[in-house]
Amino acid sequence: MLVLRAGSVRGLHHVHLGFGNLVMQDVVQPLLGELIGIWHVIGTLFVLAGVGPLASAKTARWIRSNVPGIHIPDAIIKRLEGAADQKKEGKRLCIDIINEVKEIPGVAGVHVMAYRQEEYVAEIVAESGVLKGRQPWKREARHDDQVVADRLDRILHENITEQPADRVEKAAN
């Protein structure tokens with residue numbers, strides 16, 4: 001499943017498009033090209049592609065019938081039905097979509113939505129390779145970090161005999 005959300009820098013324009021695993025070259029890429037052309041006049045465009053693994057063919061049919069704006073082609077349902085392990089195949093489909101979408105100019109990232117399959121998110125991200133070569137963010141040290149660390153150490157290692165209720169009573173008087 002693929003859901004595209006696009007918004008301009010000013011946050012004034014949003015588009016929500018739902019797709020199943022459509023043929024990317026035929027449908028999604030031209031549509032994104034058109035959107036990017038429209039927003040080029042307005043300002044910078046960031047497209048976040050929402051993807052998610054389909055748990056089974058039954059789930060895919062339910063989504064197709066009950067979630068407005070989502071199109072899941074029959075070929076995807078047949079692919080899931082033919083799989084020995086439908087959950088695993090749904091995860092594979094999700095990874096395939098990520099690998100196709102990340103190559104489209106204007107796509108700034110993906111949002112993995114794995115309802116009741118949260119345990120697969122890390123695997124999907126790792127196997128798709130979207131984070132290859134990226135360095136994890138690390139917070140810069142602040143001047144008061146040592147003060148906080150010293151205070152915490154003192155709290156943890158002091159022999160505190162006063163109870164919280166005693167503090168409340170003392171503060172009330």
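Here are some notes:
- The listed peptides 102-110, 139-147, 86-94, ordered by packing as a protection proxy, come out as 86-94, 102-110, 139-147 (highest mean of other Cβ atoms within 10 Å first).
- Sites Asn66 and Arg139, calculated FRET efficiency, Cβ-Cβ separation with R0 30 Å, nearest 0.05: 0.10
- Rounded to the nearest whole Hz, the Karplus-based 3J(HN,Hα) values (6.51 cos²θ - 1.76 cosθ + 1.60, θ = phi - 60°) of region 92-99 follow the sequence 4, 4, 4, 5, 4, 5, 4, 5, with x at glycine and proline.
- Counted by neighbouring Cβ atoms within 10 Å, the residues Trp62, Trp137 run from fewest to most as Trp137, Trp62.
- Within the same chain, lysines fewer than 8 places from Lys132 are excluded, and of the rest, those with a Cα less than 28 Å from its Cα are Lys87, Lys88, Lys91, Lys102.
- The 3J(HN,Hα) values that the Karplus relation (6.51, -1.76, 1.60; θ = phi - 60°) gives for region 144-157 are, in residue order, 9, 4, 5, 4, 5, 4, 5, 5, 4, 4, 5, 4, 6, 10 Hz. Gly and Pro appear as x.
All of the numbers you see were taken from the coordinates with simple rules; none came from a lab. All values reported here derive from a predicted model rather than from experimental measurement. Neighbour counts are summed over all protein chains in view; Cβ atoms, including those assigned to glycine, are modelled from backbone coordinates with ideal geometry.
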